[in-house]
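Here the structure is laid out as structure tokens; the discussion comes afterwards.
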Amino acid sequence: MELAGKTAIVTGASGGIGQAVAEALARAGADVAICGQNQERLAATSTLVAATGRRVLSYAMNVAQADAVQQTVDDVAKQWGRIDIMVNNAGITKDGLLIRMSESDWDDVINVNLKSVFLFSKAVARVMMKQRTGSIVNIASIIGLIGNPGQGNYSASKGGIIAFTKSVARELASRHVRANAIAPGFIETRMTEKIPEDLQKKMLDSIPLGRYGKPEDVANLAVFLAGDRSAYITGQVISICGGMVMQ
Ligand code: NAP
């Protein structure tokens, strides 16, 4: 039970990766506060976390809204007295080639994917700095490292998360608060279901390990980065992509 006695917040916990992360953190002993929009899928995650015997708090909220983020963090801190782990995972895609991309598709993706990471990190940093311990785990993407045609907004948001993570890691290290980013490749969730089959096949051919990733693959890494086994790791970006990207 490497996370026994710790508390965590996971955004996007109503989605594929977020649900797996929330359950894995709970299995490792953490109490988990889950955030998302879809009530039904949030309730499903809540049931999985509760089944581990850990405490769960559930928040239906918009991660891009500053007030909602602050209220969520304040409530978790009030109810549980501490916040040890923050997993910034909520994200969307609104793909389009540059010359056709609307301003609103740019703004929406930047706000949900990147601004939310700033808002949650700022809010939990105050709590973690006082505690003199904490781990922030940001879910970026290999697309933030290598780019992708038709994903200018998404790649900018994920590249932004990577750069932001490094600055935060440098700022908070003296208080023993760590920040790292995970860069997943192709993980089987609702997000990747949308990709046309021929493109999915092409991606599979480019994965050295010869399979798509599962949400649990990402969850295992998140648990490691959240806990004390990774105590000497901060400001890093770890790709989890079956070898698609090797740095
Ligand atoms: P997913 O199943 O679609 O989950 C996305 C999650 O984000 C959902 O819980 C969704 O909540 C939440 N979300 C979206 N907009 C929100 C908002 N405004 N406020 C609150 N929550 C919001 O996709 P996923 O694959 O698990 O993605 C999770 C993260 O991994 C994302 O950041 C994604 O960019 C990243 N990632 C995924 C892959 C992949 O191959 N799947 C690869 C690289 C990176 P609702 O459904 O309740 O709205």
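The values are calculated or read from the model by the stated rules, or taken from the named source; none is laboratory data. These figures come from a predicted structure and were not determined experimentally. Here the Cβ positions follow ideal geometry from the backbone for every residue, glycine too, while neighbour counts run over all protein chains shown. In case anyone asks, the SASA skips ligands and DNA or RNA and just uses the protein heavy atoms, side chains included. Shrake-Rupley method; radii C 1.70, N 1.55, O 1.52, S 1.80 Å.
Remarks
- With the simple model of a label 7 Å out from the Cα in the direction of the Cβ, Lys130 to Ser104 spans 4.0 nm.
- Taking Lys and Arg as +1 and Asp and Glu as -1, the other residues whose beta-carbon sits under 15 Å from that of Asp205 total +1.
- Descending semi-axes in Å of the chain, equivalent ellipsoid built from Cα gyration tensor: 27, 19, 18
- Of the cross-linked pairs Lys94/Lys115; Lys78/Lys115; Lys78/Lys166, those separated by over 22 Å at the C-alpha level are Lys78/Lys115; Lys78/Lys166.
- Stretching the chain fully between Asp67 and Leu97 yields a gain of 7.5 nm (0.36 nm per residue, less the alpha carbon separation).
- Measuring r between the beta carbons of Ile195 and Asp74 and using R0 = 41 Å, the FRET efficiency lands at 0.60.
- If you sort Leu42, Leu209 by accessible surface, 1.4 Å probe, largest first, the order is Leu209, Leu42.
- For the stretch 184-218, the list of trypsin sites (Lys or Arg not before Pro) that fall in a loop by DSSP and count at most 16 other C-beta atoms within 10 angstrom reads Lys194, Arg211.
- Solvent accessible area, Å² - Leu98, 1.4 Å probe, full protein context: 150
- Among Ile92, Ile187, Ile136: highest mean-square fluctuation, GNM of the chain, C-alpha pairs under 10 Å: Ile92
- Accessible carbon and sulfur surface of the chain relative to its total accessible area, %, 1.4 Å: 51
- 14 Å beta-carbon shell around Val87, net charge (K/R +1, D/E -1): -1
- Spin-label model distance (nm) - Ala163 vs Ile233, 7 Å beyond Cα toward Cβ: 2.5
- Accessible area per residue for the chain is 48 Å², calculated with a 1.4 Å probe on protein heavy atoms, without ligands, DNA or RNA.
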